[in-house]
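Asker: Quick one: structure below, then a few questions.
The values are calculated or read from the model by the stated rules, or taken from the named source; none is laboratory data. Given the structure is predicted, the values throughout are model-derived calculations rather than measurements. Here Cβ is always computed from backbone atoms with ideal geometry, including for glycine, and neighbour counts include all displayed protein chains. Protein only, heavy atoms only, side chains kept; ligands, DNA and RNA dropped before computing areas. Shrake-Rupley method; radii C 1.70, N 1.55, O 1.52, S 1.80 Å.
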Amino acid sequence: VRIVDLALERKVDAITIAGDLYEQERFTRDTGEFLRGQFQRAAPVRVFVAPGNHDPWMPESLYQYLTWPQNVTLFQTSEFSPADLAPGVKLWGMAHLSLADKRNPVERFRAPGQEKHILLFHGSDLSNIPADQKAHAPIDLEDMAATGAHLELWGHYHGARPGEEA
């Protein structure tokens, strides 16, 4: 509720969710109705969701059985797919298709053309994994730099690291 309130107050162009929006093993129909209602309330702000390891895009997921508002884009493949965000700006998102994904999601991605490219996904920064945790969708920062993206929006182990101005 607070995120949608803030997005509307600040008149943002988009809300991005880098996975783990809900827990696959614990959701109820009320969870879906709540999320759908919030996303609908956010309109016309666009909402982009890149399903993660706790909320993967799979047949029994919450994402599959609800009708989502038109302002919502759910990424549905394990390869990055583009969405036009603004003139000259592409948002590339991908989904986890299972509860356990051990591949490096950015290893093969290369940003095409001269547009600005933003990546939205769920994965683990290998240089910043808590000592008691395992890598999930492990990403080496050199692989990330090789993508040519101007900005990366990703989640799993939470925190922020400032980057260069895009």
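Asker: For every helix of n ≥ 4 consecutive DSSP H residues, a contribution of -39,500 (n - 2.57) applies; sum these over the chain, divide by its total residues, and give [θ] at 222 nm rounded to the nearest 500 deg cm²/dmol. Don't skip to the end; give the middle numbers.
Answerer: Details: 4 runs with 33 residues, N = 166.
Using -39500 (n - 2.57) per qualifying helix, the result is -5500 deg cm²/dmol.
Asker: Still on this structure, please answer the following. Per residue of region 32-46, what does 6.51 cos²θ - 1.76 cosθ + 1.60 with θ = phi - 60° give for ³J(HN,Hα)? Whole Hz please, x for Gly and Pro, Karplus curve as stated.
Answerer: x, 5, 4, 4, 4, x, 5, 5, 5, 4, 6, 4, x, 4, 7
Asker: What's the carbon and sulfur percent of region 1-101's accessible surface, probe 1.4 angstrom, rounded to a whole number? Walk me through the numbers before you get to the answer.
Answerer: Numbers: 2830 of 5340 Å².
Roughly 53 percent, rounded to a whole number.
Asker: Please compute the length gained on full extension between residue 134 and residue 3, using 0.36 nm multiplied by the number of residues separating them and subtracting their Cα-Cα distance.
Answerer: Numbers: separation 131, 0.36 × 131 = 47.16 nm, distance 2.90 nm.
Extra length from residue 134 to residue 3 when fully extended: 44.3 nm.
Asker: With both bridge residues required to lie in region 9-107, what share of the DSSP beta bridges run antiparallel, to the nearest 5%?
Answerer: Numbers: 5 of 12 bridges.
Roughly 40 percent of the DSSP beta bridges within region 9-107 come out antiparallel.
Asker: Given a 10 angstrom Cα cut-off, can you work out which residue in 136, 122, 96 is the most mobile in a GNM of the chain?
Answerer: 136
Asker: Taking K and R as +1 and D and E as -1, what net charge do the other residues with C-beta under 14 Å from the C-beta of residue 88 add up to? Don't skip to the answer; put the middle values down first.
Answerer: Details: positive: 90, 116; negative: 13, 84, 115.
Summing Lys/Arg as +1 and Asp/Glu as -1 gives -1.
Asker: Find me the longest stretch of the chain that has none of the exposed GluC sites (Glu not before Pro), where exposed means in a DSSP loop (not H, G, I, E or B) with at most 10 other Cβ atoms within 10 Å. Mind showing how you got there, number by number?
Answerer: Details: sites that count: 25, 60, 164, 165.
Answer - 61-163.
Asker: If the reach is capped at under 20 angstrom between alpha carbons, list the lysines near residue 116, excluding any in the same chain fewer than eight residues apart.
Answerer: 90
Asker: Something else about it: Counting DSSP beta bridges with both partners in the chain, what percentage is antiparallel, nearest 5?
Answerer: Counting only bridges with both partners in the chain, antiparallel ones make up about 20 percent.
Asker: Taking the chain as a Gaussian network, where each spring joins two C-alpha atoms under 10 Å apart, which residue of 123, 93, 37 fluctuates the most?
Answerer: 37
Asker: So between residue 89 and residue 77, what do we pick up on full extension, going 0.36 nm a residue minus the alpha carbon distance?
Answerer: Details: separation 12, 0.36 × 12 = 4.32 nm, distance 2.05 nm.
My answer for the length gained is 2.3 nm.
Asker: Given springs between every Cα pair under 10 Å in a Gaussian network model of the chain, which of 64, 24, 40 has the largest fluctuation?
Answerer: Residue with maximal mean-square fluctuation among 64, 24, 40: 64.
Asker: Show me the trypsin sites (Lys or Arg not before Pro) within region 86-150 that DSSP assigns to loop and that have at most 15 other Cβ atoms within 10 Å of their Cβ.
Answerer: Numbers: sites: 90, 102, 103, 108, 110, 116, 134; in loops: 102, 103, 108, 110, 134.
Sites meeting the loop and neighbour criteria: 102, 103, 108, 110, 134.
Asker: Add +1 for every Lys or Arg and -1 for every Asp or Glu among the other residues with Cβ under 12 Å from the Cβ of residue 17, and state the total.
Answerer: Values: positive: 46; negative: 20, 55.
Local net charge: -1.
Asker: Can you give me the distance in nm between label points at residue 25 and residue 10, each placed 7 Å from the Cα along the Cα-to-Cβ direction?
Answerer: Taking the two extended label points, one gets 3.4 nm.
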